[in-house]
1. If R₀ is 51 angstrom, what is the calculated FRET efficiency for the pair LYS94 and ARG122, using the beta carbon separation as r and rounding to 0.05?
2. Report the relative contact order of the range 38-188, percent, no decimals, based on alpha-carbon pairs under 8 angstrom and at least 6 residues apart.
3. Between ARG330 and residues 5 or more places away or on another chain, which pairs have amide H atoms under 5 Å apart, with H built 1.01 Å from N, and which residues are they?
4. Which order do the peptides 302-310, 117-125, 341-349 take when ranked by the mean count of other beta-carbon atoms within 10 Å per residue, highest first?
5. Taking H placed 1.01 Å from N in the peptide plane, check which residues at least 5 places from GLY54 or on another chain put their amide H under 5 Å from its amide H.
6. Can you return the lysines within cross-link range of LYS207? Criterion is Cα-Cα under 28 Å, with same-chain partners fewer than 8 residues away left out.
7. Enumerate the calculated ³J(HN,Hα) couplings along the range 395-405 in order (Karplus 6.51 cos²θ - 1.76 cosθ + 1.60, θ = phi - 60°), each rounded to whole Hz, writing x wherever the residue is Gly or Pro.
8. As an exercise, use a Förster radius of 35 Å and the Cβ-Cβ distance of ASP226 and ARG363 to find the FRET efficiency, rounded to the nearest 0.05.
Amino acid sequence: MTSFADEAVIAFDNLADRAANLVNPSIRLGVTGLARAGKTVFISSLIHNLLHGGRLPLFESLQSGRISATRLEPQPDDAVPRFQYEDHIRALVKDRIWPDSTRAISELRLTIAYESASGWNRLFSPGRLSVDIVDYPGEWLLDLPLLGQDYRDFSAATVELARTGIRAELSREWLERTATVDVDAPADETLARELAERFTAYLRACKADERSLSTLPPGRFLMPGDLDGSPALTFAPMPDLPDSRAPKGSLRAMMERRYEAYKTVVVKPFFREHFARLDRQIVLVDALQAINRGPEAVQDLERALTDVLACFRAGSNSFLTALVRRRIDRVLVAATKADHLHHESHDRLEAITRRLVDRATTRIGMTGAGIEVMAIASVRATREATVKQNGDELPVVVGTPMAGETVGTERFDGNRKTAIFPGDLPADPERFFRGVDEAGHGAYLPELNIVRFRPPQVEETGGGITLSVPHIRLDRALQFLLGDKLA
Ligand SMILES: Nc1nc2c(ncn2[C@@H]2O[C@H](COP(=O)(O)OP(=O)(O)O)[C@@H](O)[C@H]2O)c(=O)[nH]1
Ligand SMILES: [Mg+2]
């Protein structure tokens, strides 16, 4: 577990943050989600809309004219890469390509000058709020529970999950190899590496596109960055570990030590330097992709979301919140990419996501307070239309499919606009949560056409000024995340 020294440092960090806060009020907004959930696109569009007077009718302080200016400022944390807003927005707006995927943490500061709505507040508030937006991989969040588990707990939980459902097949090779290993035999570097590689191959197979299973810890196994090949990443869970102490010099002792090293060099610094300092959080989920793959992927997403939300649970019994003085008081779970669907299905996407979150929060005993669910599109790549077919009116979305995308036998070139009938989501979210038997029977699959579109053409006004990026419900998200701080 976390040592006393860690606690002291965390308390100190928070005090320092708070002192700075009196002079210049700031709020740290965490933006997370698993890889490709849409974090980079969300942050880019949010900033672009704030800087370019976007259409944000539900963002009250802006709509009522109380925000006088929004500026980007130098990012306050010297050791954290800056979120490269300018590059990302150039890709989106000028080149109409989606920005490069980032695989690590980055940060950006936005300062909003505003006038408080109440005369009393106007007297005392400096009328400036700095918003530090912190973009970090959801995979890192999934690592936090490891702080409360030793190597044996971690092994048992990971192996048990690997033996269930569709994962059983994906993990077979790794587990079969593992079964031949004597964990109490002398440690062997080559064997440790082989086991780590096989375990990583299993994690990668789960994540592969056609499976769309959510990621499992340790998160850095799939995004090693500069730790690639280091001992802290060269271990693997082992089944049926004995209760006894690991013999000195054994493979088991080596694995234990490396697992603890992973926590020390990867998980704790993230927790202390980033996670413990957040005030607000948005969790982006690509619910649509999971829905498109069917109930097993949906239920797997639910499991990941349960683990993620458990990190935000308030309450003294949680080993995480016990260490954090400054608590996350609002969490928004947003299903992204709603622009793939006709608006009639937006509420259904939201209902399915809400159902995912409800089950997750019940499971971890979290109250609903401070948690909100929405279906959004950070960037709206489509427009809606209706197409007449055999006397029926079909609701369609119109956009430019990316080069290489296909529907049926048609293959798109990346230039031609096309109308796509995306299909409907079911009105009843339960259909995704009913049991699926071992062979996958009883699995309900919606008939959806999910095509990846290029970013939209953003209009320019006469004077060469770019209009803001179109979106769906981004203003609602902003109001929930920041509205009260600008009241
Ligand atoms: N149509 C549409 N696609 C999106 C949207 N947000 C993200 N995407 C797609 O999802 C991909 C991954 O998004 P990105 O922000 O890079 O994900 P990250 O890994 O979480 O930072 C992008 O390349 C887009 O193809 C959206 O609002 N609308
Ligand atoms: Mg990113």
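Each reported figure results from applying straightforward, stated rules to the coordinates on display, with no laboratory input. Please read these numbers as outputs of a predicted model, since none were measured by experiment. Positions of Cβ are generated from backbone atoms using ideal geometry, with glycine treated the same way; all protein chains shown enter the neighbour counts.
1. With R0 = 51 Å, the Cβ-Cβ based efficiency is 0.80.
2. Rounded, it is 20 percent for the range 38-188.
3. GLN281
4. The densest-packed peptide leads the list: 302-310, 341-349, 117-125.
5. It is none; the list stays empty.
6. Leaving aside lysines fewer than 8 places away in the same chain, those within reach of LYS207 are LYS39, LYS263, LYS268, LYS337.
7. Result, ordered by residue: x, 10, 10, 10, x, 9, x, 5, 4, x, 5 Hz.
8. 0.50
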